[in-house]
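Take a look at the structure below.
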Amino acid sequence: MEPIVTANNLSRQVKTADGELTILDDIELSVMPGDAVAITGPSGSGKSTLLGLLAGLEDPSRGSIRLLGHELSELNQDEKAALRAGNVGFVFQAFYLLNGLTAIENVEIALELAGRDHQREAAGELLERVGLAERMNHYPPQLSGGEQQRVALARAFAVNPRVLFADEPTGNLDTASSELVADLFFDLRLQYGSALLLVTHDSTLAARCDRILTLGAGGRLQS
Amino acid sequence: MTLRGIRRDWRTGGLPVIALALSVAVCAVTSVGVFNERVRQAMQSRAAQTLGADLVIQSHNAMPPEVAQKALSLGLEVSQQVEFPSMILTRVGTTRLVSVKAVDQHYPLRGSARTAQRPYGDGEVAGMIPGQGEIWAHSRLFSEVEIDVGATVQLGEQTFRASRALILEPDGFSSFFHMAAPRVMMRLSDLPTTGLITPSSRAHYRTQVAGTRQGLTSFSQWLDTYERAGLERRTVKDAQPSIRSALDRASSYLGLASLSVVIVAGAGIFIAALFYARRQSTTVAIMRCLGASQRRILQTFILRLVVVALVSSFVGGLLGYGGQAFLSSLAEEKLGSTLPPPAIWPMLSGIAVGLVAAVGFGLAPLLKLPKVSVLGILRGEKGVAPPSMWVTLGLVLLTSGGLIFWQAQETVLTLWVMGLTLCLVVSLAAGGWVLLWLVGRIRASRPSHRYVISSLGRRLGIGSMQVLAFGLGIAALLMVTVMRADLLDGWMDTIPSGTPNRFLINVQPDQHKALQEFFVAEQISSPGLFPMIRGRWVRHNGVPVDPQAYPTLQAQRFAAREFNLTSSIDLPDSNRVVSGSWWRAGQLGDKLLSLETEFAESLGISIGDQMTFRISGVDLTGRVSSLRAVAWDSFQVNFFVIATPGLLDGQPRTLITSFFMSPEKSDTAARLVRQFPSVTLFDVDSLIDQVREIIQQVSVAVQYVFLFTLFAGIAVLIAAVQGSATERSRDAAVLRALGSSTRRLWLAQFCEFALLGGIAGLLAAACAVIMSSILAREVFGFVLSPGWSVWGLGCAGGALGIGLAGTAALRRVLQRAPLKNLVQN
């Protein structure tokens, strides 16, 4: 079986006033379909950057990334976007919902971008699944943090993603909301069978994954 | 410290847009101001030729010697003249009343006299004044007393040779209505030998003065303090209402056009200042935590604003000063004449305008900075509160009002423009709000369409502000482009090619029929003959008129002079009633008067007042029933005072008319004067040319203003885009992560901006049409019929222009890797 995501010899440097700073160095990683991988590490260790690189949201300085069988360096921005549409789901710490759209429209737009038009019913079902049946027509600023993150979960799973990238999905939530979102998150993952790459500080959340990788000093990844 | 702070703040945004908007505004005001001044000086210098000088002081008594001495001491040129009526006697004993003008060797200081070897001949420039023992006489005198050039005539105790026919005296036009007798010009040094002037003689003593603007100003100031009764001052403005009228209109239009740049830029400054304040909220919260007082915070940010304003205004001023050279060269090329050198003061005024605009438009958002909720900001829950509506409105109104008054120099016009600007702002903001709200209500089946629509509907606050800013810019652009053509064409049409270029006065009533027949025979169309009745104003509401009691020189002159009154059944074409009402058919027998507004205002006369005129020893009283705005630059026969036929019937009168005579009919003039020797014919072609020239100058300058409006519009666009760029870049990154293509992102942004631009364009077109119609009526004096193109251009141009420009402004955001956008937000 081919891995969903692989990274070989992956490095990322940025230019600073004091010269070049290495954020990620020689990362090797492979995620198989259905795998759940947690990436932990101290603040500033480059976890979110690694997630962004693996999802094709930014380009590495060196090395190669294969996502869903495609070498990302060979794809342009539009081809990467087309690859993500319908195959990749995202959950961010800051939710990143589109404030101009209602909860249901936020879910619907992910389906539309995946080429599945007029899926209002499917979007509504997912929102019901995350407990927001009564809040479907509310705009993000009218929802609490926990509710917004549940909309983000519905959006991420709406396209039945083969891989899910989650960056601190509970990082902005209180304990009660955090537990609710985490339970929903892992339940949905099991239901949809998506592979998961999860960046988190939360050890209990990381413990619910199959593997835990740690980004240490110097941007190296350790099992 | 301040400079370091500015350098730091510069990168966070807001300040560069403020600086750009200010530089554009100051550049516009400076270049248009300098150009305007140069054109004004050029035109005044040309117009001064109709006065023979830059300034004339006139008295019924011998001129005090210190007047000329003072003018000479200020480096000014001086010429002395005496004008008086006298009888001339030919060798065969024919006598005729003439108007004698004795001039010194410096006459004229501006322009030149033209003389010919035969009456009504082609005039040549006279390089000097009449020789000793010689006179120059008006062509009319030769035919009236039947003498030839070279004949001798007696004037007082002296005999003179009529050496040439006087075709044109440069300063003759201004007084032609008062000059019933033909002119005779002689040397001032010959005057004592005639014995005609004694201390009790009825004469006008004149001192003509010409020179630099500075010298003339100093001299005028000295005259203000020189207390000598009976001294009357005349400038170009007094001499030529047609030129003054055209210059005033040109100045008003250009000044207000350049102010529209300031107001559009002001919108940009305000939005940029809002953005700047928002960006500085965290810094301010931290400063507050570290113990900075509110006062210190306010001082810090105001100081930064003022420094940025100073530097950018100075840069704008310098650019404007350079830019006007380009503008002037265009004008010089088009007109084939050289403009006077540029003055420095419009640049200083421009810089002052920049400072005022920076504070007036940029201060309100900063005032809220010291009052931020520290905890709210640090928790990321709150930002800077929006500025107080009343403070903003107060500052903006005060600034706009002050600037408009400074430019218009007139309270009524200021109130008009202020009212219009306020209506414009309110209409654009409210109209924008309503239309965006309606757009937001549109149901779209696809979420991506809904995203575009809802983005507009959701950002109602900033959206309506963007509509306001874009709308101001588009309205200004429409005003100076599409409406400019309509306005200037309409203005030019007020002096079409057949505009009367000859005035005929002293026509006797019994010559009326014969003259009409002459016109028909010569195929000349005349607008009709108007009665002209001379009378002196003696009582106002029953109280005797004392000219010296009026505060202004103009009013004193109006009150002291003899009026040319007329009576008319209909309102003349180039007149418009601005107050009261024109008489109806049933009122023609009543004793009613209609006054020119400026004349009435300067004399403090209102509707309902009684005015008594003494005509041939008889006092006639009429009631003022209407005030009229008169288009002096229409070159039709116009009067300060018009009466109902009922008031002036039976009074001794002459007739006056104006008509157009094409250049190829020059011999018609000679035939006219031969057939009607008692009439006086005046040529006003040069005046018409000057007014046309002024309109052309405005046309060149307005194209230049258009460019500045465009730049100011770009500043507004940047400011408006910057205000929502954070949210847009975040949304773009999210959509990108979800799989949106570049094309779809571009399209979404374009559609959003295009909708915004279309709405702004529609509202702007409506505002431009309304404002131009009012401007045409109030400033230019004609009724405007705007074409449909303004609507199409407003909507389509607004949608396309703002759509493309907005998308281009977000180019970097759309092209950046999605993760970068998410991290930055």
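A few notes on this one:
- Candidates are the residues of segment A:54-85 that are facing chain B (nearest Cβ under 10 Å) and among the basic types (Lys, Arg); the one that is nearest to A:Pro3 (Cα to Cα) is A:Arg84.
- Residue count for segment B:79-106 under the criterion of being touching a helix residue (DSSP H, G or I) at 6+ places or on another chain (Cβ under 8 Å) and buried (at least 21 other Cβ atoms within 10 Å of the Cβ): the result is 6.
- Filter result (in contact with a helix residue (DSSP H, G or I) (Cβ under 6 Å, 6 or more places away or on another chain) and surrounded by 15 or more Cβ atoms within 10 Å (Cβ to Cβ)) within segment B:288-306: B:Arg288, B:Ile297, B:Leu298, B:Phe301, B:Arg304, B:Leu305
- Listed by first and then second residue, the pairs linking a residue in segment B:389-405 that is free of Cβ contacts under 8 Å to residues at least 24 places away in the same chain to a residue that is surrounded by 15 or more Cβ atoms within 10 Å (Cβ to Cβ), with Cβ atoms under 8 Å apart and 6 or more places separating them unless they lie on different chains, are B:Gly401/B:Thr414; B:Gly401/B:Met418; B:Phe405/B:Thr414.
- Count - residues of segment B:748-766 that are buried (at least 23 other Cβ atoms within 10 Å of the Cβ) and either of a type outside the set (Gly, Ala, Ser) or facing chain A (nearest Cβ under 9 Å) (or both): 6
- Meeting the requirement of 3 or more residues that are surrounded by 13 or more Cβ atoms within 10 Å (Cβ to Cβ) and touching a residue at least 60 places away in the same chain (Cβ under 8 Å), the helices (runs of 4 or more DSSP H) wholly within segment B:506-615 are B:512-521, B:553-560.
Table: residues versus (1) part of a helix (DSSP H, G or I); (2) out of contact with any helix residue (DSSP H, G or I) (no Cβ under 9 Å at 6 or more places or on another chain); (3) of a type in the set (A, V, I, L, M); (4) within 11 Å of A:Ala158 (Cα to Cα).
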site	(1), (2), (3), (4)
A:Leu57	no, no, yes, no
A:Arg66	no, no, no, no
A:Lys80	yes, no, no, no
A:Gly89	no, no, no, yes
A:Glu112	yes, no, no, yes
A:Arg116	no, no, no, yes
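- The residues of segment B:402-446 that are of a type outside the set (A, V, I, L, M, F, W, C), under 30 Å from A:Glu108 (Cα atoms) and buried (at least 17 other Cβ atoms within 10 Å of the Cβ), listed by number, are B:Gly432, B:Gly440.
- When the residues of segment B:737-747 are filtered to those that are surrounded by 23 or more Cβ atoms within 10 Å (Cβ to Cβ) and not hydrophobic (A, V, I, L, M, F, W, C), the one that is nearest to the other protein chains (Cβ to nearest Cβ) is B:Gly739.
Rundown of residues vs (1) of a type outside the set (A, V, I, L, M); (2) out of contact with any Asp or Glu (no Cβ under 8 Å at 6 or more places or on another chain); (3) part of a helix (DSSP H, G or I); (4) surrounded by 19 or more Cβ atoms within 10 Å (Cβ to Cβ), yes/no style:
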{"site": "A:Pro161", "(1), (2), (3), (4)": "yes, yes, no, yes"}
{"site": "A:Leu184", "(1), (2), (3), (4)": "no, yes, yes, yes"}
{"site": "A:Leu190", "(1), (2), (3), (4)": "no, yes, yes, no"}
{"site": "A:His201", "(1), (2), (3), (4)": "yes, no, no, no"}
{"site": "A:Thr204", "(1), (2), (3), (4)": "yes, yes, yes, no"}
{"site": "A:Ile212", "(1), (2), (3), (4)": "no, yes, no, no"}
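- Residue match in segment A:27-40 (condition: surrounded by fewer than 18 Cβ atoms within 10 Å (Cβ to Cβ) and touching a Ser or Thr at 6+ places or on another chain (Cβ under 7 Å)): yes
- Candidate set: segment A:214-223, residues that are more than 22 Å from A:Ile4 (Cβ to Cβ) and outside any helix (DSSP H, G or I); chosen: the one modelled with the highest pLDDT: A:Gly216
- Which listed residue, of B:Val734, B:Val721, B:Val769, is among the β-branched types (Val, Ile, Thr), more than 14 Å from chain A (Cβ to nearest Cβ) and either assigned to a loop (DSSP other than H, G, I, E, B) or more than 24 Å from the chain's Cα centre (by Cα) (or both): B:Val721
- Selected residue (only one of B:Gln105, B:Gln69 is polar (S, T, N, Q) and assigned to a loop (DSSP other than H, G, I, E, B)): B:Gln105
- Of residues in segment A:86-131 being among the acidic types (Asp, Glu) and surrounded by fewer than 20 Cβ atoms within 10 Å (Cβ to Cβ), the one farthest from the other protein chains (Cβ to nearest Cβ): A:Glu128
- Residue selected from segment A:132-147 under the condition among the hydrophobic types (A, V, I, L, M, F, W, C) and part of a loop (DSSP other than H, G, I, E, B), by the criterion nearest to the other protein chains (Cβ to nearest Cβ): A:Met136
- The lone exception for A:Val151 - which of (1) more than 11 Å from chain B (Cβ to nearest Cβ); (2) farther than 22 Å from A:Asn87 by Cβ it fails: (2)
- Unmet criterion (only one of (1) out of contact with any helix residue (DSSP H, G or I) (no Cβ under 8 Å at 6 or more places or on another chain); (2) more than 14 Å from chain B (Cβ to nearest Cβ); (3) among the polar types (S, T, N, Q)) for A:Thr22: (1)
- Tabulated pairs, segment A:149-167, first of a type in the set (S, T, N, Q), second in a helix (DSSP H, G or I), C-beta under 8 angstrom, 6+ apart or interchain: A:Gln149/A:Ser177; A:Gln149/A:Val181; A:Asn160/A:Tyr192
- Residue match in segment A:81-88 (condition: touching a residue at least 24 places away in the same chain (Cβ under 8 Å) and over 29 Å from A:His118 (Cβ atoms)): no
- Some residue of segment A:34-50 being within 13 Å of chain B (Cβ to nearest Cβ), touching a Phe, Trp or Tyr at 6+ places or on another chain (Cβ under 8 Å), modelled with pLDDT of 90 or more and under 21 Å from A:Thr200 (Cα atoms): no
The values are calculated or read from the model by the stated rules, or taken from the named source; none is laboratory data. Small disclaimer: the values here were computed from a predicted structure and weren't measured. Glycine gets a Cβ as well: all are built from the backbone with ideal geometry, and neighbour counts include every protein chain shown.
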